[in-house]
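Taking it in order: structure first as structure tokens, then the write-up.
The values are calculated or read from the model by the stated rules, or taken from the named source; none is laboratory data. Here the structure is a predicted model, which means the values were calculated and not measured. Quick reminder, even Gly has a Cβ in these numbers, built from the backbone with ideal geometry, and neighbours come from all protein chains shown.
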Amino acid sequence: MWWLDDYFNWLGHPYYLTLQSAASVYGSNPQALQVTQVMTDVPRREIEIGRLKVRFFVKRGIEQTPTQAPPNAFAPIRVSTPEATAFDLVRYASGIGGMGRAVETLVPLLSLMRLPELKQVLDTENETATAQRLGYIVETAGKKALAKAIRDWLPSQLALVPLAPLNSDEATAPVIGCWRIINNAGDLGL
């Protein structure tokens, strides 16, 4: 991926390595990745160069997402911070294999997450439903300080939201009280 920064500079569009690809940079790679995942501001078709596949995801306000350069990178590249990666994993779960896949990738990132950076991501993204889902996952994983920061950020009155938005098993799924989450994703292995 040494060419990615030059490619997007040439296109004149923002980008960053995201989702499971970003998590892999931080050491969270529960499954071998078959595709490199890149966030940008406009839809793009997948690129295939030899055995390398690049899949693009689209995000409005991408310029506000916190990114950093990975240590000891061979070439310049932008990668979402662990906090932004965790938020994106929950937000784009349906595009990477479902909430179970997002959770197994997210949990190893929790020890890298810092409260000030998490609060910055919450303020920047400003998505209550995604924050509710993330908060529930973080609390279930046993990271109480991070979960409290998310709960403190959320408004006092929350709408009821499904954990897995595209899953239709909402009618019989249990409701998680303080997060107002319908757990229609089943056991996430936490």
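Please identify the pairs in which a residue from the stretch 25-42 that is within 19 Å of A75 (Cβ to Cβ) has its Cβ atom under 7 Å from the Cβ atom of a residue that is small (G, A, S), counting only partners at least 6 apart or on another chain.
Note: pairs meeting the criteria are L33/S21; L33/S24; T36/S21; Q37/S21.
Of all residues being aliphatic (A, V, I, L, M) and surrounded by fewer than 22 Cβ atoms within 10 Å (Cβ to Cβ) in the stretch 4-44, which is modelled with the lowest pLDDT? Just the residue, please.
Going through the stretch 4-44, the residues aliphatic (A, V, I, L, M) turn out to be 4, 11, 17, 19, 22-23, 25, 32-33, 35, 38-39, 42.
After this cut, where a residue has to be surrounded by fewer than 22 Cβ atoms within 10 Å (Cβ to Cβ) as well, the list is 4, 11, 25, 32-33, 35, 42.
Working: L4: 88, L11: 93, V25: 91, A32: 70, L33: 77, V35: 91, V42: 95.
Step by step, filter the stretch 4-44, then rank; the result is A32.
Please report, ordered by residue number, the helices (runs of 4 or more DSSP H) entirely within the stretch 109-157 with at least 2 residues that are surrounded by fewer than 17 Cβ atoms within 10 Å (Cβ to Cβ) and among the charged types (D, E, K, R).
Working: elements: 115-125, 128-140, 144-153.
Those helices (runs of 4 or more DSSP H) span 115-125, 144-153.
Given the conditions (1) more than 24 Å from Q64 (Cβ to Cβ); (2) at pLDDT below 95; (3) of a type outside the set (K, R), which single one is not true for A145?
Here A145 clears every test but (2).
Considering only the stretch 1-76, give the strands (runs of 3 or more DSSP E) lying wholly within it that have at least 2 residues that are among the hydroxyl-bearing types (S, T, Y) and closer than 27 Å to L122 by Cα.
Values: elements: 15-17, 36-40, 47-49, 52-58.
Of the strands (runs of 3 or more DSSP E) lying wholly inside the stretch 1-76, those with at least 2 residues that are among the hydroxyl-bearing types (S, T, Y) and closer than 27 Å to L122 by Cα span 15-17, 36-40.
Checking L166 against (1) touching a residue at least 60 places away in the same chain (Cβ under 8 Å); (2) part of a loop (DSSP other than H, G, I, E, B); (3) surrounded by 13 or more Cβ atoms within 10 Å (Cβ to Cβ): exactly one of these is not met. Which one?
(3)
For the stretch 64-84, does any single residue satisfy the condition of being exposed (fewer than 11 other Cβ atoms within 10 Å of the Cβ), farther than 21 Å from G98 by Cα and at pLDDT 90 or above?
Taking every residue of the stretch 64-84 in turn, none turns out to be exposed (fewer than 11 other Cβ atoms within 10 Å of the Cβ), farther than 21 Å from G98 by Cα and at pLDDT 90 or above.
Give the residues of the stretch 83-101 that are touching a Lys or Arg at 6+ places or on another chain (Cβ under 9 Å) and assigned to a helix (DSSP H, G or I), sorted by residue number.
Those that are touching a Lys or Arg at 6+ places or on another chain (Cβ under 9 Å) and assigned to a helix (DSSP H, G or I): E83, D88, L89, V90, R91, A93, G95, M99.
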